[in-house]
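A short worksheet on the structure shown next.
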Amino acid sequence: MRVERYNFATVEPKWRKIWEDARIFEAGATFDGDGRNIGGASEKPKYYVLEMFPYPSGRIHMGHVRNYSMGDVIARFMRAKGADVLHPMGWDAFGLPAENAAMQGKRHPAEWTYANIAAMRAQLKSLGLSLDWSREIATCDPAYYGRQQQLFLDFLRAGIVDRKQSKVNWDPVDHTVLANEQVIDGRGWRSGALVEQRDLTQWFFKIANYSEDLLKGLETLERWPDKVRLMQHNWIGRSEGLLVRFEMAESSGEVEVFTTRPDTLFGAKFLAIAADHPLAHSVAEKNPALKAFIDECHHMGTSVAAIETAEKKGFDTDLKVRHPFDENWLLPVYVANFVLMDYGAGAIFGCPAHDQRDLDFSNRYGLGATPVVCPEGAEPASLVVTDAAFEGEGRLINSGFLDGLTVAQAKEAVAARLEKTDLFGAPQGKRKVNYKLRDWGVSRQRYWGCPIPIIHCEACGAVPAPSSDLPVTLPEDVTFDQPGNPLDRHPTWKHVPCPQCGKPARRETDTMDTFVDSSWYYARFTDPHNAQEPAAREAMRRWLPVDQYIGGIEHAILHLLYSRFFARAMRDSGHGELAEPFSGLFTQGMVVHETYKGPEGWVSPSEIRIETNDKSRRAFMIDDGAEVVIGPIEKMSKSKKNTVDPDDIIASYGADTARLFVLSDSPPDRDVIWSDEGAQGAWRFVQRLWRLTGEAGRVAAPMGAPVPAQFGEAARKLRQATHRAIAQVTENIERLRFNSAIARIREFANELTAALDEVTEEGVAADLAFVFREAAESLILLVAPMTPHVAEECWADLGHEDLAARAPWPVADPTLVAQELISLPVQVNGKKRAEILVPHDADEEAVRAEALAQEGVQRALEGRPVKKFILVPKRIVNVVV
RNA sequence: GCGGACGUGGCGAAACCGGUAGACGCAAGGGACUUAAAAUCCCUCGGCCAUUGGCUGUGCGGGUUCGAGUCCCGCCGUCCGCACCA
């Protein structure tokens, strides 16, 4: 046995330096005779693996370690498989936290951000990720956001940008717009003031125009998780319905509503309009009570969750509208807090019997409910709707000319009739495909973002900044000691002459949503230093789409939808060719940890020790021995103090151990629980790899030894184990089942250990020696994507002078993977009674004879005749009696 | 409210198209080595009964099937997202 321990502290930095000097992780790498990367074009197939780039918060967390370890496994695996791999890294560097830090710590956002980037870059480098650092980008770099401004202007020219009013959360004390998460119980998080909804004129990307295309495109994304596609599908929210215009009873006006259930029109009890509906505003002018109600709605917050979870409330306007099919039937018009102005027509008709929300509303205001759809087989007279609306299928009742029709037929009949009915010179009904997807408001009243390159001129309006002005850079001399946007109150920055008429004009002081920054960075990585355009067409053609994108499920909708939109918008404004930027997507789970609570509050894992025996598991403070309560396992967060610092882990166990642990134990799309015991388990395996290679190396054949003509029993067994492990680990990595790949590698290590235990003092024969080398080298290459440093050290220890990081992936010999004898379980009436060993090509008769001869089978048969004999080849035998 | 996901030993999990439930690891218990400890190695490890062996078991209740963790119907529980956090 090898005496010296594997010393990660010296070994890991050594290999990182060697990799870096050899520049082997740069995309498009080709090498000269000395193994130096001389760059240039590559004949290899391309593979682009991308992990969502981090926000530079200052420290990486275990979630980053997991995310980037997964991407690195794929990058190293694909490189070994012979691909030219692009695996870049950058920084999502604009955003609110930098401004908050500036307000608190008096540090300039740029200084704070770049310091954080430097710290996090060093941390990421210590993980040994095979990243192409020559392509590093930061979105707060003018070189990056200048090209983004170019995109904005080209989108504007292509008609993809719009300027219109929309609602924001306004904090009247801080004079600032609040994010939804900054609104807590209707109040600003910092000021505590009641938040108002305000109309602001803002810039929009017309993503809604792409609704149908974005929906259709989902079908082509076969390597995306179904759940993400479903979430986007629902988010786009296509619905086919009818716009219906209702005539007002006491005036010549009308109210238009959108409905997906025109079939239930005879069950209508009321109309409800949004608080911001023009009609609501006009009534409110003469009705202070309604004005108060509308104001109340404005304090609800702008998020859908806030609106829909609020108690359903309405206000009777006293206006009445005529039912489209009966001019004497008048319906009341309410202003309701749950109707959204942005969706459909900003007005609905309520059918309480067949819509739960309408029913809740109706019950509150005593508006009644008449059932008009009768479920198949139910007695119409027996239908009474009290607390539960019936939203299912059935046939129409109480509905005049619709009676007896199915829901689908009735929808069609109503649409057909209203299209032919005239109201004020136009059809009363119009079919419409409606989408929930709204245009993307990109204006932010903040400093630390990409300036919107527009100049406002009193005479010429909103004028694009000339392209020679790009990038329009942020002024550095700003302060954060007053509320509001520093750009807006900067003394000189915004004052510029109008590019068209030359008169004094002012710059747009809003910056872009940071989602814009992250919507095209994948394309920038293909040509990160281009000063003329976002990315050269040739570079995008070489690398796009991203073959495998990896990130958190929290980005399932917005970021991924915006990026898909951006690809289309770039295409339509002359900046690319493809619609779908990510052909493969994988969403990884979080890293979670136990929580500990002492008398003084939450306690960090580093402050406690755990005592376990077969009965209990208890935690105690290290300093005073006081017992603390072990709480639930939760997402790592500073507030719960249940974080583990990757730096600490790397210092005590090394990067390989950290990488191995976050990849094993749990499937990658599920959360993984970080535990010190688990980390130690991973550490033990890293040590074991080193010992095992040493032991195998002592008995292994020299490098380049010829393949023996014959293999003995022991050699053949280990050889089969080796090739089966290669086949299964390869498949598991290809399917991104890293936990299974590692389990299989460990199993193979166990098999190799068992084979080494058989070795006696006399040494081994040439055939076995050959197989020991083959097994040890395979083991190291299989584990190298997960634990690259120890693999490199073992690889050198086995006598290799070139790098494991550059070695080709081992290939399984199919003839060695196949099993000649197969173990088949034998069931009697579905219960396992015996197990038989049969040749893989045994015919049914032979299997039947063997199965029925088993003692356990005979016992279970109890002499009864066999009714049916089921043989699933290579799987199972079931005897039915 | 709307939408989505998940539920298997003490714990994390595995089980490909419906075919041996619990691979691999963690924890625990027992043993070897050691003056001792660490490290390492070996054995046991879902539950109940038992002598060979049997019964039972994948959140709960039904169903389909020769056969269900897997498919269908209905519950229960937990977690996540909801458009200005990134």
Kindly indicate whether residue A:146 is over 26 Å from the mean Cα position of the chain (by Cα) and not in a loop (DSSP other than H, G, I, E, B). yes
Within region A:342-355, how many residues turn out to be more than 27 Å from residue A:395 (Cα to Cα) and within 13 Å of RNA strand B (Cβ to nearest atom)? 2
Among the listed residues A:639, A:652, A:666, which satisfies the condition of being closer than 22 Å to residue A:59 by Cβ, in a loop (DSSP other than H, G, I, E, B), under 36 Å from the mean Cα position of the chain (by Cα) and within 14 Å of RNA strand B (Cβ to nearest atom)? A:639
Elements of type strands (runs of 3 or more DSSP E) contained in region A:542-631, each with 1 or more residues being surrounded by 20 or more Cβ atoms within 10 Å (Cβ to Cβ) and either within 12 Å of RNA strand B (Cβ to nearest atom) or modelled with pLDDT under 80 (or both): A:548-552, A:585-588, A:591-598
Long-range neighbours under 9 Å by Cβ, at least six apart or interchain, first residue within 12 Å of residue A:589 (Cα to Cα) within region A:671-684, second assigned to a helix (DSSP H, G or I) and near RNA strand B (Cβ under 6 Å from one of its atoms): A:672/A:678; A:672/A:739
Subset tally (residues that are of a type in the set (Lys, Arg) and over 17 Å from residue A:163 (Cβ atoms)) for region A:444-484: 1
Grab the helices (runs of 4 or more DSSP H) fully contained in region A:208-305, keeping just those with 2 or more residues being modelled with pLDDT of 90 or more and within 36 Å of the chain's Cα centre (by Cα). A:211-218
Taking the condition of being assigned to a helix (DSSP H, G or I) and out of contact with any Asp or Glu (no Cβ under 6 Å at 6 or more places or on another chain), how many residues in region A:62-108 meet it? 26
Being in contact with a Gly (Cβ under 6 Å, 6 or more places away or on another chain), under 30 Å from residue A:61 (Cβ atoms) and at pLDDT below 95 is true for just one of A:671, A:676. Which residue is that? A:671
Hey, residue A:143 hits all of (1) within 16 Å of RNA strand B (Cβ to nearest atom); (2) more than 30 Å from residue A:278 (Cβ to Cβ); (3) of a type in the set (A, V, I, L, M, F, W, C) but one; which does it fall short on? (1)
Residue ID - surrounded by the fewest Cβ atoms within 10 Å (Cβ to Cβ), chosen from residues in region A:475-515 that are within 15 Å of RNA strand B (Cβ to nearest atom) and aliphatic (A, V, I, L, M): A:487
Restricting region A:306-328 to residues that are at pLDDT 80 or above, surrounded by fewer than 21 Cβ atoms within 10 Å (Cβ to Cβ) and more than 18 Å from residue A:365 (Cβ to Cβ), the residue that is nearest to RNA strand B (Cβ to nearest atom): A:323
Is there a residue being in contact with a Gly (Cβ under 9 Å, 6 or more places away or on another chain), more than 24 Å from residue A:660 (Cβ to Cβ), within 16 Å of RNA strand B (Cβ to nearest atom) and not in a loop (DSSP other than H, G, I, E, B) anywhere in region A:818-831? yes
Checked pairs for region A:821-835, first more than 13 Å from residue A:875 (Cα to Cα), second of a type outside the set (Asp, Glu) and part of a strand (DSSP E or B), C-beta under 6 Å and 6 or more apart or across chains, list as A:828/A:879; A:833/A:826; A:834/A:826
Would you confirm whether or not region A:408-431 contains a residue that is at pLDDT 85 or above, part of a helix (DSSP H, G or I) and of a type in the set (S, T, N, Q)? yes
Within region A:429-446, does at least one residue satisfy the condition of being in contact with a Ser or Thr (Cβ under 9 Å, 6 or more places away or on another chain), over 30 Å from residue A:515 (Cβ atoms) and away from RNA strand B (no atom under 16 Å from the Cβ)? yes
Please tell me if residue A:247 is surrounded by fewer than 17 Cβ atoms within 10 Å (Cβ to Cβ) and either within 21 Å of residue A:442 (Cα to Cα) or away from RNA strand B (no atom under 11 Å from the Cβ) (or both). no
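Each row is one residue, and each column tells you yes or no for (1) surrounded by fewer than 23 Cβ atoms within 10 Å (Cβ to Cβ); (2) of a type in the set (Lys, Arg); (3) at pLDDT 95 or above.
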position: A:96; (1), (2), (3): yes, no, no
position: A:138; (1), (2), (3): yes, no, yes
position: A:145; (1), (2), (3): no, no, yes
position: A:170; (1), (2), (3): yes, no, no
position: A:174; (1), (2), (3): yes, no, no
So if I check each of A:716, A:724, A:688, which one is within 12 Å of residue A:783 (Cβ to Cβ) and not small (Gly, Ala, Ser)? A:688
Which of the residues belonging to region A:432-467 are aliphatic (A, V, I, L, M) and in a strand (DSSP E or B)? A:433, A:454, A:455, A:462, A:463
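Of A:860, A:834, which residue is surrounded by 11 or more Cβ atoms within 10 Å (Cβ to Cβ), part of a strand (DSSP E or B) and within 11 Å of RNA strand B (Cβ to nearest atom)?
On the way: A:860 fails: part of a strand (DSSP E or B).
Being surrounded by 11 or more Cβ atoms within 10 Å (Cβ to Cβ), part of a strand (DSSP E or B) and within 11 Å of RNA strand B (Cβ to nearest atom) holds for just one of A:860, A:834, which is A:834.
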Is there a residue in region A:803-810 that is out of contact with any helix residue (DSSP H, G or I) (no Cβ under 8 Å at 6 or more places or on another chain), away from RNA strand B (no atom under 13 Å from the Cβ) and either in a loop (DSSP other than H, G, I, E, B) or farther than 24 Å from residue A:732 by Cβ (or both)? no
Exactly one of these conditions fails for residue A:124: (1) over 26 Å from the mean Cα position of the chain (by Cα); (2) away from RNA strand B (no atom under 14 Å from the Cβ); (3) not in a loop (DSSP other than H, G, I, E, B). Give me its number. (1)
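The values are calculated or read from the model by the stated rules, or taken from the named source; none is laboratory data. Only a predicted model underlies this, so the values are computations on that prediction, with no experimental measurement involved. Cβ atoms come from the backbone with ideal geometry, glycine included; neighbour counts cover every protein chain shown.
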